[in-house]
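The values are calculated or read from the model by the stated rules, or taken from the named source; none is laboratory data. Please read all numbers here as calculations on a predicted model, not as lab measurements. Backbone-built Cβ (ideal geometry, glycine too); neighbour counts: all protein chains shown. Surface accessibility is based on the protein's heavy atoms, side chains included, excluding ligands, DNA and RNA. Shrake-Rupley method; radii C 1.70, N 1.55, O 1.52, S 1.80 Å.
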Amino acid sequence: MDVDLQVAYLELPQNNDPQVAEHNNIDADEQPNNIPFDVSELPQQLAAGDGHHQDEVHVALYQQQVEANQDYVTKFNTTHPRGVTLSKLRAMYRNQDSLGAMGLLSGRHRLIVDDDHTVPKDGPNVVPRVGPHYIDHTLYVGSRRGLDAGLPKIRADHNWQVILDLTNVHRLWPDSNVVCLPFNPIGRMVYIGTRLQEQLWVALVPRTFFEPNHLDNARATYPTLNAPTTALSQQHSLMFIMFIAYALDRMRLQDIHCSVPYPIPLTRAAVKRSTDILGRAGENHRRIVLRLEDFKRLHDTFDADWNDWVDLAPLQWKEDNFLVNNAPVGVTIRYGQNQPLIINGALDVERRNWENDRDYSYIRQFTFSLATHMRLTHF
């Protein structure tokens, strides 16, 4: 049977009951939803205006108090500290004395390690123990032009890889203690990716760096650049990106090409038109995986082709002599490994791992930090 739905609806009896009318006007957000809906939509009852400005929150929290304008740092420093023993804190913890613990926050306290928690170091029944040991930081700097700091002393490893990431070239060198390097890093450092779990960097160092006995290699006479940070300048970083694009293009790595090796004017947009090393069409980020064989070939290109590539660069690129006076050397760094060392029964394995990890004949500097547990045992 065919039915005209519009006519049928018009012929339905109209219910004028106020309770029914009120039910029909219920907010849609308050009713069950048994059909697909957009979870990003904010229900009306949760909608609010703009949040309070931070200054208003500050006034509400602090300026309504009597001591609103007091210098709390000065008050803390001038307050006489009261002693609290470690045994008392231990008792609070064991008794779950939350009120007592909160009361300690109202004053300044000096922790006293009492006799119950100490072992006399000169006692006849005390044995000192050193260990275990953990490596917590490593830093490698190559000794010649290229990427020796990242090269292992092995011919093959199916698990080994480097990931090039040239979108973060303005990242700052992570170690604030710049004297740990055998050159001045200001204006010279460029982050290029990761080697296993290590950060992989390249430093554009003075050419005299590769002459061990040169006067410029004395810490007091390191050549310096007029730069605000450790990162390469915008122009220098784009030049270096184009060199890597040139190297990978020569290696015929994946689909990477370099149609214009020296774009002028040198801008990021011009670099992206010249090569897809920063991302394919429509992409702004690209990670390039290098196998061990690929990384060795890239290192060889650094070593063999840098001078020729610089010689062929246009004069506009060499006006400040940065490319002419400097050359790339690899640097790797890692923090927080927390990896145990000198493991019983594995000393030969550890020794072999360290020997294969780098070719130390091409490492200019190797720095490491150890975390060692020291304790006294009373028996």
- Task: Please go through segment 338-356 and pick out each residue that is part of a loop (DSSP other than H, G, I, E, B) and either β-branched (V, I, T) or exposed (fewer than 10 other Cβ atoms within 10 Å of the Cβ) (or both).
- Result: I342, I343, N344, G345
- For residues that are in a helix (DSSP H, G or I) and more than 27 Å from the chain's Cα centre (by Cα), tally how many sit in segment 253-286. 3
- List the number of the failed condition for A231; all other conditions in (1) open to solvent by less than 20 Å² (accessible area, probe 1.4 Å); (2) more than 22 Å from Y335 (Cβ to Cβ); (3) not basic (K, R) hold. (2)
- Within segment 81-114, how many residues are surrounded by fewer than 11 Cβ atoms within 10 Å (Cβ to Cβ) and at pLDDT below 90? 2
- Task: Can you confirm whether segment 205-217 contains a residue that is of a type in the set (A, V, I, L, M) and touching a residue at least 24 places away in the same chain (Cβ under 8 Å)?
- Result: yes
- Item | Residue count, segment 313-328 (criterion: open to solvent by 50 Å² or more (accessible area, probe 1.4 Å) and within 14 Å of D148 (Cβ to Cβ)) | 0
- When both residues are 6+ apart or on different chains and their Cβ atoms are under 7 Å apart, which pairs have a first residue that lies in segment 121-149 and is on the phi > 0 side of the Ramachandran plot, and a second that is open to solvent by 40 Å² or more (accessible area, probe 1.4 Å)? G131/T372; G131/H373; G146/D303
- Query: Out of (1) surrounded by 11 or more Cβ atoms within 10 Å (Cβ to Cβ); (2) under 30 Å from P124 (Cβ atoms), the odd one out for T377 is which?
  - Reply: (1)
- Message: So, in segment 191-204, how many residues would count as being open to solvent by 10 Å² or more (accessible area, probe 1.4 Å), part of a strand (DSSP E or B) and farther than 10 Å from G150 by Cα?
- Response: 1
- Query: If the Cβ limit is 7 Å and pairs must be 6+ apart or interchain, which residue in segment 351-378 that is farther than 21 Å from P340 by Cα pairs with which residue that is among the small types (G, A, S) and assigned to a strand (DSSP E or B)?
  - Reply: Y362/G142; I363/G142; R364/G142
- Query: Residues of segment 201-221 being of a type outside the set (D, E) and in contact with a strand residue (DSSP E or B) (Cβ under 8 Å, 6 or more places away or on another chain), which ones?
  - Reply: W201, V202, A203, L204, V205, P206, R207, F209, F210
- Query: Can you tell me how many residues in segment 157-175 are part of a loop (DSSP other than H, G, I, E, B) and open to solvent by less than 20 Å² (accessible area, probe 1.4 Å)?
  - Reply: 4
- Item | The lone exception for R188 - which of (1) under 21 Å from A313 (Cβ atoms); (2) surrounded by fewer than 16 Cβ atoms within 10 Å (Cβ to Cβ) it fails | (2)
- Mind telling me which of the residues V310, V289, V331 ends up being open to solvent by less than 80 Å² (accessible area, probe 1.4 Å), touching a helix residue (DSSP H, G or I) at 6+ places or on another chain (Cβ under 9 Å), outside any helix (DSSP H, G or I) and within 19 Å of V202 (Cβ to Cβ)? V331
- Message: Could you go through segment 155-164 and let me know if any residue there is in contact with a helix residue (DSSP H, G or I) (Cβ under 8 Å, 6 or more places away or on another chain) and closer than 27 Å to F209 by Cα.
- Response: yes
